[in-house]
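Engineer: Starting off with a structure, shown below.
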Amino acid sequence: MCSAALLLVRDEFSGTSEKLVATIHKAAEHMTKLVRDLLDFGAIEASELPIRPLRSDCGMLLRQIVEWLGPLAAQRSLEIEINVRSPTCEAYCDGERILQVLSNLIGNAIKFCKDGKIVVECVEKETEVLFAVRDNGPGIADEQLEQVFLPRWHALQPSREGTGLGLSIAKSLVEAHGGRIWVESQLGRGSTFYFTLPRPSSSGVTCRDRISPSTAEHAQAIFTAG
């Protein structure tokens with residue numbers, strides 16, 4: 001609705017005024033995301049956020065999120081590369097909620113990368129699908145790695161915008177599917193966020209039965225093997 005209203009306003013403007021309309025549009029989208037984050041966080045806290053898992057094509061989810069966020073990345077001279085490392089890659093998940101997870105992870109990567117590309121990958125394993133979002137941003141200090149998924153973690157990072165709830169919401173959504181989410185990072189070399197989702201044939205498997213995020217080498221090896 002907000003976008004439609006702005007399109008009507010744009011029809012009344014031309015020339016230099018289009019930049020003002022674009023700025024208003026961007027601000028409106030930002031406020032919409034802030035409100036959604038706050039509403040979702042409240043629903044999660046109250047255990048009322050609905051999850052409707054179905055058999056989902058992971059490659060299609062990646063292509064859809066890149067279609068949405070690709071123009072934003074291009075504005076920052078960034079490329080988003082997709083790697084689907086299995087001939088068929090399906091997860092048992094609520095596609096809309098996983099798009100929300102990917103939007104948070106890729107959106108953060110776009111925000112903090114200065115140039116180069118962001119790599120988004122998925123690979124199908126025996127009982128799960130493993131996703132990775134890799135960037136070449138500033139990285140995260142070791143002492144903060146265990147805090148990044150806490151609500152309002154970035155309150156201590158003065159240069160960061162938003163509610164600080166995006167990663168916390170992503171964690172809750174992944175865990176609601178029986179998956180796990182974690183990050184490996186090095187200062188000055190970027191970060192990789194990983195998360196898992198159950199495959200359709202193993203939808204009853206709990207997260208403890210699946211991949212352990214104990215080391216960067218273990219997760220990285222899954223994507224580089226073969």
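The values are calculated or read from the model by the stated rules, or taken from the named source; none is laboratory data. Quick caveat: nothing in here was measured; it's all calculated off a predicted structure. With ligands, DNA and RNA removed, areas are computed over all heavy atoms of the protein, side chains included. Shrake-Rupley method; radii C 1.70, N 1.55, O 1.52, S 1.80 Å.
Engineer: Every residue in the range 47-83 that is farther than 13 Å from LYS117 by Cα, open to solvent by 60 Å² or more (accessible area, probe 1.4 Å) and assigned to a loop (DSSP other than H, G, I, E, B), please.
Structural biologist: Across the range 47-83, the qualifying residues are SER47, GLU48, ARG52.
Engineer: For the range 84-103, what are the residues that are open to solvent by 60 Å² or more (accessible area, probe 1.4 Å) and part of a loop (DSSP other than H, G, I, E, B)?
Structural biologist: Hits for the range 84-103 are ARG85, PRO87, THR88.
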